[in-house]
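Values quoted throughout were computed directly from the atomic coordinates according to the rules given, and no laboratory measurement underlies them. Worth saying up front: this structure is predicted, and the values here are computed from it rather than measured. Cβ atoms come from the backbone with ideal geometry, glycine included; neighbour counts cover every protein chain shown.
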Amino acid sequence: MDTRYQHLSLEERTFLQLALERGYSQRAVAAQLGRAPSTVNRELARNGWSAPRRARGRPLLAGGYRAVAAQARAIRQARVPRNERRLRPGTSVWQQVLALLRRRHSPQQIAGILRRMHPELPERTVSHETIYTAIYAIPRGELRSELIACLRRGHRQRRRSRAASEERRGRLRNMVSIHQRPPEVEERLIPGHWEGDLIKGQRGASAVGTLVERTSLFVTLAKIAGPTAADARDGFTHVLQRIDVQRRLSLTYDQGREMAQHERLSELTGVKVYFADPHSPWQRARNENTNGLLRQYLPRHTDLSTFTQDQLDAIAWELNTRPRKSLDWKCPAELFMPDSFDYAAYFKATVALPT
């Protein structure tokens with residue numbers, strides 16, 4: 001039996017009336033409808049049911065329950081809210097919310113401001129979900145369009161939050177959690193520990209694999225031939241095998257389906273794969289930041305399959321030779337390849353200095 005409650009339909013109410021007229025018990029009717037006996041009992045109690053009595057020479061009466069009348073009452077009751085909405089047009093709270101929305105405050109910020117300004121007046125505060133609901137409940141018109149345009153995303157319809165929704169992706173087999181990583185990975189004392197991800201192109205039809213070394217911020221890009229886990233495995237294997245074994249120790253990735261063959265990737269490269277928690281990009285912050293920098297070269301609305309591996313290597317090299325503030329203005333190549341890369345010589349060779 002489904003644990004999510006739904007009101008009885010007109011067909012169910014009609015069946016209930018006919019079954020009772022034929023002398024079936026409430027429990028028997030509930031079993032036929034696939035409902036809890038208490039559901040049937042409450043339905044009868046609020047719609048004038050009384051135990052049937054036999055009059056001399058007449059059949060059993062149905063006890064006052066009528067399906068059509070019960071359905072009409074249910075529809076009428078559904079139109080009248082049990083509690084008046086706290087956020088509704090014409091109230092002072094609504095006027096405050098409108099003013100803050102027009103100043104480009106998010107619903108979360110507005111909810112926080114109201115709690116701060118009225119700590120002892122809960123009737124003057126609302127949650128961010130209440131604000132979203134009130135906005136999208138406004139009939140179509142200028143006000144609705146204006147307020148939706150004030151939101152960060154500006155979607156015409158409310159979209160369910162992924163973080164609040166049920167996880168739809170299938171769980172990968174034999175995952176090792178990020179919380180089981182050795183301490184040296186977190187401390188970033190030894191180079192060779194990487195963070196990985198995919199950046200996708202137009203309509204998600206193409207992708208490029210990104211790898212960022214946690215200590216030096218050294219970047220490696222992988223051409224991904226197709227959308228399957230095998231394509232991702234081959235692309236990452238190709239670029240990881242170009243790196244010395246001592247500098248490819250671990251890889252921290254999200255729980256995307258493209259990493260379904262992580263065990264085979266570990267066999268081919270010797271890299272131990274760890275998986276971050278769902279919806280936790282801060283656990284791979286260096287990779288997320290690098291993905292933002294790469295969008296300058298790999299825009300969202302382009303076909304990334306047109307980039308060759310040589311072109312991706314050239315893009316990665318530009319990032320690897322760019323001084324970074326977080327590295328005390330050293331560049332990733334200096335730290336990752338200290339024996340083979342001289343930044344001073346590279347700078348003189350590539351930048352024309354005035355004489």
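Residue by residue through the stretch 17-34, what is 3J(HN,Hα) from phi via Karplus (6.51 cos²θ - 1.76 cosθ + 1.60, θ = phi - 60°)? Round to whole Hz and write x for glycine and proline.
Each residue of the stretch 17-34 in turn: 4, 5, 5, 5, 4, 8, x, 6, 6, 4, 5, 5, 5, 4, 5, 5, 7, x Hz.
Straight-line reach only, C-alpha to C-alpha below 23 angstrom: list the lysines that LYS325 could link to, leaving out same-chain residues fewer than 8 apart.
Filter leaves LYS348.
List the residues whose amide H sits under 5 Å from the amide H of LYS272, counting only those 5 or more places along or on another chain, with H placed 1.01 Å from N in the peptide plane.
Long-range HN contacts for LYS272: SER250, LEU251.
Could you tally the net charge around SER38, taking each other residue with its Cβ under 13 Å from the Cβ of SER38, Lys/Arg +1 and Asp/Glu -1?
Numbers: positive: ARG27, ARG35, ARG42, ARG46; negative: GLU43.
With Lys, Arg at +1 and Asp, Glu at -1, the neighbours total +3.
Per residue of the stretch 269-278, what does 6.51 cos²θ - 1.76 cosθ + 1.60 with θ = phi - 60° give for ³J(HN,Hα)? Whole Hz please, x for Gly and Pro, Karplus curve as stated.
10, x, 8, 7, 9, 10, 10, 6, 5, x
Which ³J(HN,Hα) values, rounded to whole Hz and listed in residue order, are derived for the stretch 306-320 from phi using the Karplus coefficients 6.51, -1.76 and 1.60 in 6.51 cos²θ - 1.76 cosθ + 1.60 with θ = phi - 60°, glycine and proline given as x?
6, 7, 7, 5, 4, 5, 5, 4, 5, 5, 4, 5, 4, 5, 6
Using alpha-carbon positions, what is the distance between the centroids of the stretch 241-298 and the stretch 104-151, in Å?
Each part's Cα centre sits 39 Å from the other's.
May I ask for the net charge around GLN26, where only other residues with Cβ less than 15 Å from the Cβ of GLN26 are counted and Lys, Arg are +1 while Asp, Glu are -1?
+3
When the chain is fully extended, how far beyond the present Cα-Cα distance does THR228 get from ASP339, taking 0.36 nm per residue of separation? Before the final figure, lay out each step's value.
Values: separation 111, 0.36 × 111 = 39.96 nm, distance 3.77 nm.
Contour length minus Cα-Cα distance gives 36.2 nm.
Could you sort 263-269, 214-220 so that the peptide with the highest average Cβ count within 10 Å comes first and the rest follow in order? Before the final figure, lay out the partial values.
On the way: 263-269: 16.0, 214-220: 23.1.
Result, highest mean Cβ count within 10 Å first: 214-220, 263-269.
Could you pull out every residue, at least 5 positions away or on a different chain, whose amide H is within less than 5 Å of the one on GLY201? Hs are placed 1.01 Å off N in the peptide plane, and Pro or chain starts have none.
SER206, ALA207, LEU304
Treat the count of other C-beta atoms within 10 Å as a stand-in for reagent exposure and order MET117, MET259, MET175 from fewest to most. Write out the running numbers ahead of the final one.
Details: MET117 11, MET259 23, MET175 16.
Ordered by Cβ neighbours within 10 Å, fewest first: MET117, MET175, MET259.
Taking +1 at the Cβ of each Lys and Arg and -1 at the Cβ of each Asp and Glu, which of ALA99, SER127, ALA45 sits farthest along the dipole of the chain towards its positive end, judged by Cα position relative to the Cα centre?
ALA45
How much length is gained on full extension from HIS155 to HIS238, taking 0.36 nm per residue of separation minus their Cα-Cα distance? Walk me through the numbers before you get to the answer.
Working: separation 83, 0.36 × 83 = 29.88 nm, distance 4.01 nm.
Between HIS155 and HIS238, full extension yields an extra 25.9 nm.
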